[in-house]
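Working notes for the structure below.
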Amino acid sequence: MDSPRQAKKANLRRDAKRNQNQSSTPSQKDAYARLLSQHRSSKFTLYLEEYAKHLSSQQEGNGFNPVLQTHNDRLNIAQPKRDPMLIDFTDSSDFSPSSLKTKGEESLVSLYMEKLSARGAQQECERKQGVSERQRRGQRRDTATSQDGDIESGEEIGPSRLSGAKRHQKQQRKKEDSNRSVASKEAEALAELSQSPAKAGAKAQEQDQMKKSKNKAEHPEEEQNRDRKVKSNGADAQASRTKPPHNKDKKLQPPTASKVNSPADKNKNKGGRKPKKQVFESYRSFEEVSHGLKRGELHQGQLRINPKKYTEGFIPSPDDTRDIFLDGIVARNRALNGDIVVVQILPREQWKVVKSDTDCEGASESETQTDHLQQTPQRKTTRAPSAGVTAKDPSGEVDELVSKCQSTSISDAGRPLEDPSTSQSNEGILQKTAKVVYIVEKKHSRAVTGFLKFLPDKPFAMFSPVDHRVPRINVPLTFCPQDFSSRPADYASTLFICQITDWAADSNFAEGQLVKSLGQAGEIEPETEGILTEYDVDFSEFSDEVLDCLPKNLPWTIPPEEIRKRRDLREECIFTIDPATARDLDDALSCKQLPDGNFEVGVHIADVSYFVEQDNTLDAVASQRATSVYLVQKVIPMLPRLLCEELCSLNPLSDRLTFSVIWKITPEGKILSEWFGRSVIRSCVKLSYDHAQSMIEAPEKLFSPDELPPMDPVHPVDEIHQAVLNLHSIARNLRAQRFSGGALRLDQLKLSFTLDKETMMPQGCYIYQYRDSNKLVEEFMLLANIATAHHIHRKFPELALLRRHPPPKVKMLDELQELCSQLGIDVDFSSAGALHKSLNTVVGHDEYSSARKEVLTHMCSRPMQMALYFCSGVLKEEEHFKHYALNVPLYTHFTSPIRRYPDIIVHRLLASSLKCGPHLSLSTEEVEKLASHCNNKKTMSKRVHEFSSDLFFGVFVKECGPLDSEAMVMGVLDKSFDVLVLQYGVQKRIYCKLLADLVSFHHHKVGKKAELRLVWKSEDPESPPVEQTISIFSLVEVQLRTDASPLKYSAVLKRPESGES
């Protein structure tokens, strides 16, 4: 005769089989009903009575009642070993300390036992059904590194589905006394909770430690593997469990057809029987953060996330040494790239060991980025260490093991592709690690572009951002296209914009809603709109309220009374020199030779502040935009086009209001006198850089009017030609003085495009040439900016808006010095001027000298810091005002008010100082806040321009590729290397594991000098393999090819000839 336990198992087996026939997933609702039915039995009532007696006796000081254990045996109540976090009740559908005040202890125990029985029954059911480990893994979606290097999204499956390691342990444990022991311990925990909720947390931690120790003893291999994968207290097995509702007091409600639940609400419908611990720490209060910053216990800075390894985050160190490291998304605590955050430094034993200071800047190669490049379709769970878990040293045991595992990827020949000896060393530099405890300002727009993915049987879709630094987002189906659920394939290549609306502390994934469908990925306009939205660029049309601030009577003319207030320069020979396609002409030049042999040189800047009055609607919009954004095919203007292209633009043969700086200057460039003031000019011609360059290169040529744009007949071609030559001569002397005085210029290659006038698609591309005509204009703009900075600082020492450039980071500079020494390059880093001189002398004089200079310039730019706007009243030490690259004590921006808002503020300060304009209505703090905003917008504008250029080059490669070119190696990592493609000026990373004919590769590093030794298959099977050494400045042949992703391209190293190495 079967025992009651066997009979129960048989019933469970039949129930499970019946459920399996009905649905692929067990019906939790049916299981819940069965458990309720079981708990209404007389045996369970008897159990409750005995338990109540036990609680009463325990409160009176009696010991544990053994009768409870006997009832457990009689009732056959499943008592599996539970996760300790089950005691941390956070869901009102379970019981909590607060529920003790409103519920009887019997009902509390009932709920508690109901939870245990549900878990045990479901696990037993799954085991009897024969559900394989692989099937269970397929049903859950943990926080895992996806094929594109991002984080997988998805609602956690259910409370009874444990991690693989724990599930395996449950299947191996069949001893009844073990289950009874666990049940008795949990009953004790419950009793303690009823007495003092404060004790529950300590008890849970104690049980957690006991379980961890036991797991390690019984399954050391599994524990080691889990330790390698699971690094945070918020991203462990709990990540696959049910989310608690956002509203803890909300009762469970069945789903209705009219209501679409959030991922958190989904778990309410399942009964909410298992609470889930927080993934992220709660943010600290403002008061706590303020006191922590004052005491030096906390630090504030802007978060920077490594775009090639999204698990790495950094903020600047307060002592300006190496950056503070934030290891993983848990440590970032829901902050996104660019946010201003407050962090707490972790204990020293959790700091990171890195090989060099460049690694401290996020320059080390991404392991997760290259995971998807392996030929084995293996997916790994990679999580970040949190504050509560000791972070493994990335250069220590864990990463060494990962490195060795990755090195076993095999080529099609079946041999190891990488030498396992390339494991990382433990020796290195100690870098502080931290965790985010507060977000001061969310600089990131929280809007991202990406693709929508359908999740069967879910009330939400998964949004996968293009930028891997942003988490995947769960989007309710109500915010998706109407036919998305029925026809998801139709939207597979549609690019959307998604706005993050919430990111709860107990969720690995953000929640959001779709803002807009951009169109098909791979088309320039949808991609461009996505870039603009993601970087918070306002490209909307200007409102009527803004346009009402502009002059109404068009065509507008300068009022006579305004002309009388200004210096009238309309009869002077004044002209503009700009790119041929420019329409916002905000600067003009003049040069008149004086009888004494000296020159009167003028820089004339559009007087935008005349039209943009302080504190009106136009001023507010302009300050918010802060800068014009230049894309390849168009400009997103800071000001309405009526101002940019007409009223303020210094168009030829038109009277225009300007601010002028006029110097009396010697032919050698020595300034004898200086004048600032408002003026009115009339440009006589609009020259392009090409026109000016042709004049410089042919000083004796007599240009005909047909060779130049239309010009004012009052000023003949020869007069304009001579003025250009005189300006060029003075500019050369000024430039020589600047660099001999210690200035530095780090030129970077710039890619330009020729576009079809109708389609605006790229027809060709070329590297932009920086010539003498460009240098001419630059020199006088610098001179005007420096002069203006001195003037406004002298007049307003507490209010001047200036621009500073901090010196490079010393430790990174020292490391670069060591690398250059090992490469045999004698570079002097003692000052900006010394560095500039070295860059122009150490690269040689052969055909590749310019390429070597570009590579060396790139290396030198790594330690450099960004130039920043600031208010002079905020920094007390004038030594900090200095501009490192220009090597000047004071600098500002004055010459481009049409496209830069700081220039408008400077114009207002200048007008106020000259008594020809109102006083600036801003305080020191307001100017500093404005400076910070402009810094942010300028950085965003630069990135958008770079993305636009990369987008158009991707189109060019797609239409004209594949493209072959020589390339020079710029940097060597352990599994890849970076190259500068010489013909196109683009920089790309080449991954060794993607090279089809590569037999193996070996990374070798001596000091700071790294090399990769590549072994290629020979074209002739009888010949030995071909070896190739990759190091900095190596010349290689590459091919640019289109990727599978829309408008993306990659560089592939071509196999060298047999004679090459």
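The values are calculated or read from the model by the stated rules, or taken from the named source; none is laboratory data. What you are looking at is a predicted structure, and each value in this text was computed from that prediction instead of being measured. Glycine also receives a Cβ, built like all others from the backbone with ideal geometry; neighbour counts cover every protein chain displayed. For the accessible areas, the whole protein counts, side chains as well, though only heavy atoms, and no ligand, DNA or RNA atoms are used. Shrake-Rupley method; radii C 1.70, N 1.55, O 1.52, S 1.80 Å.
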Point to revise | Proximal charge balance of PRO560 [Cβ under 14 Å; K/R count +1, D/E count -1] | key: 0
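Rounded to the nearest angstrom and ordered from largest down, what semi-axes does the equivalent ellipsoid of the range 427-570 get from its C-alpha gyration tensor (root of 5λ)?
Numbers: eigenvalues 385, 134, 44 Å².
In descending order the semi-axes read 44, 26, 15 Å.
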Point to revise | Under 5 Å, built H, 5+ apart or other chain: amide partners of VAL440 | key: ILE340, VAL341, VAL342
Review point. Where in the range 909-931 does the amide nitrogen come within less than 14 Å of the point 7 Å from the Cα of GLU613, taken along Cα to Cβ?
Key: 918-919
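Averaged across orientations, what area in nm² does the convex hull of the alpha carbons in the range 474-532 project? Let's see the in-between values first.
Details: hull surface 19.0 nm².
Dividing the Cα hull surface by four gives the mean projection, 4.8 nm².
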Revision key, fill the gap. Residues whose modelled amide H sits under 5 Å from the amide H of LEU518, counting only those 5 or more places away in sequence or on another chain, are LEU495, PHE496, ILE497
Review point. Within the range 565-589, what residues put their amide N at less than 18 Å from the label point 7 Å along the Cα-to-Cβ vector of TRP556?
Key: 565-566, 583-587
**Study point:** Compactness of the range 278-351 as Cα Rg over 2.2 N^0.38 Å, two decimals
**Key:** 1.08
Exercise for review: May I ask which residue of LEU1035, TYR984, LEU1014 lies farthest towards the positive end of the charge dipole of the range 983-1061, with charges of +1 (Lys, Arg) and -1 (Asp, Glu) on Cβ and the Cα centre as origin?
Suggested key: TYR984
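Can you give the extra length, in nm with one decimal, that the chain gains between GLU674 and LEU755 once fully stretched, where that is 0.36 nm per residue apart less the Cα-Cα distance? Before the final figure, lay out each step's value.
Details: separation 81, 0.36 × 81 = 29.16 nm, distance 4.30 nm.
Taking 0.36 nm per residue and subtracting the Cα distance, the gain is 24.9 nm.
Dipole size in debye (nearest 20) for the range 976-1031 around its Cα centre, Lys and Arg Cβ +1, Asp and Glu Cβ -1?
Numbers: 8 positive and 7 negative charges, 104 e Å.
That gives a dipole near 500 debye.
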Practice item. Choose one of THR617, CYS644, VAL629: the residue whose Cα lies farthest towards the positive end of the charge dipole of the range 599-652 (beta-carbon charges +1 Lys, Arg; -1 Asp, Glu; about the Cα centre). Key: VAL629
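So, with +1 on the Cβ of K and R and -1 on the Cβ of D and E, and no other charges, what is the size of the charge dipole of the range 838-963 about its Cα centre, to the nearest 20 debye?
Details: 15 positive and 13 negative charges, 60 e Å.
Computed charge dipole of the range 838-963: roughly 280 debye.
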Point to revise | Interatomic Cα distance distribution for the range 829-920, bins of 5 angstrom, percent | key: 2, 11, 14, 16, 15, 12, 10, 8, 6, 3, 2, 0
Point to revise | 3J(HN,Hα) from dihedral phi, the range 803-810, Karplus parametrisation 6.51/-1.76/1.60, rounded to Hz, x for glycine, proline | key: 9, 10, 10, x, x, x, 6, 4
Revision key, fill the gap. Rh (Kirkwood, all Cα-Cα pairs) for the range 952-1012, Å, reads 13.2 Å
Check your understanding: Label ASN774 and ARG564 with points 7 Å out from Cα along Cα→Cβ: what is the distance between them in nm?
Key -> 4.7 nm
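If we sort 1043-1056, 629-642 on the protection proxy, mean other Cβ atoms within 10 Å, highest first, what's the order? Present the calculation step by step, with values, prior to reporting the outcome.
Working: 1043-1056: 16.7, 629-642: 19.8.
Output ranking for 1043-1056, 629-642: 629-642, 1043-1056.
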Exercise for review: Quote to one decimal, in nm, the extra length available between SER290 and THR501 on full extension: 0.36 nm per residue of separation minus the C-alpha distance between them.
Suggested key: 73.3 nm
Study note, to complete from the structure: For the range 325-332, Karplus-derived ³J(HN,Hα) couplings (6.51, -1.76, 1.60; θ = phi - 60°; whole Hz; x for glycine and proline) come out as 9, 10, 8, x, 6, 5, 5, 6
Check your understanding: Just going by the charge dipole of the range 498-595, with Lys and Arg at +1 and Asp and Glu at -1 on Cβ, which of ALA580, LEU532, ILE563 is farthest out on the positive end?
Key -> ILE563
Review point. Mind listing the phi-derived Karplus ³J(HN,Hα) values for the range 872-877, rounded to whole Hz, using 6.51, -1.76 and 1.60 with θ = phi - 60°, and x for any glycine or proline?
Key: 4, x, 8, 8, 7, 8
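Once you list every other residue whose beta carbon is under 11 Å from the beta carbon of GLN693, what net charge do they have if Lys and Arg are +1 and Asp and Glu are -1?
Working: positive: ARG771, LYS775; negative: ASP690, GLU697, ASP772.
Result for the local shell: -1.
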Exercise for review: Mind putting a number on the dipole of the range 651-711 about its Cα centre? Charges go on the C-beta only, +1 for Lys and Arg and -1 for Asp and Glu, and I need it in Debye to the nearest 20.
Suggested key: 400 debye
Revision key, fill the gap. Carbon/sulfur accessible area of the range 535-668, % of total, 1.4 Å probe, equals 48 percent
Study note, to complete from the structure: Expressed per residue, the solvent accessible area of the range 948-998 in Å² (1.4 Å probe) is about 31 Å²
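Based only on the alpha carbon positions, what is the Kirkwood hydrodynamic radius of the range 887-973, in angstrom?
Values: mean 1/r = 0.0584 Å⁻¹.
In the range 887-973 this quantity evaluates to 17.1 Å.
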Practice item. Net charge near SER752: determine it from the other residues with C-beta under 14 Å of the C-beta of SER752, scoring Lys and Arg +1 and Asp and Glu -1. Key: -1
Check your understanding: Between ALA698 and GLN722, what length in nm is gained on full extension when 0.36 nm per residue of separation is reduced by their alpha carbon distance?
Key -> 7.5 nm
**Study point:** Per-bin percent of Cα-Cα distances, the range 581-728 [10 Å]
**Key:** 10, 32, 34, 19, 5, 0
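Could you tell me the calculated FRET efficiency between CYS960 and GLN520, based on Cβ-Cβ distance and R0 = 30 angstrom, to the nearest 0.05?
Details: r = 21 Å, r/R0 = 0.70.
Step by step, r from the Cβ atoms, then E = 0.90.
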Review point. How much accessible surface area, in Å² rounded to 10, belongs to the heavy atoms of ILE345 with a 1.4 Å probe?
Key: 40 Å²
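If you count only protein heavy atoms with a 1.4 Å probe, what accessible area per residue comes out for the range 506-621, rounded to a whole Å²? Numbers along the way, then the final one.
Numbers: 5450 Å² over 116 residues.
Ligands and nucleic acids excluded, the result is 47 Å² per residue.
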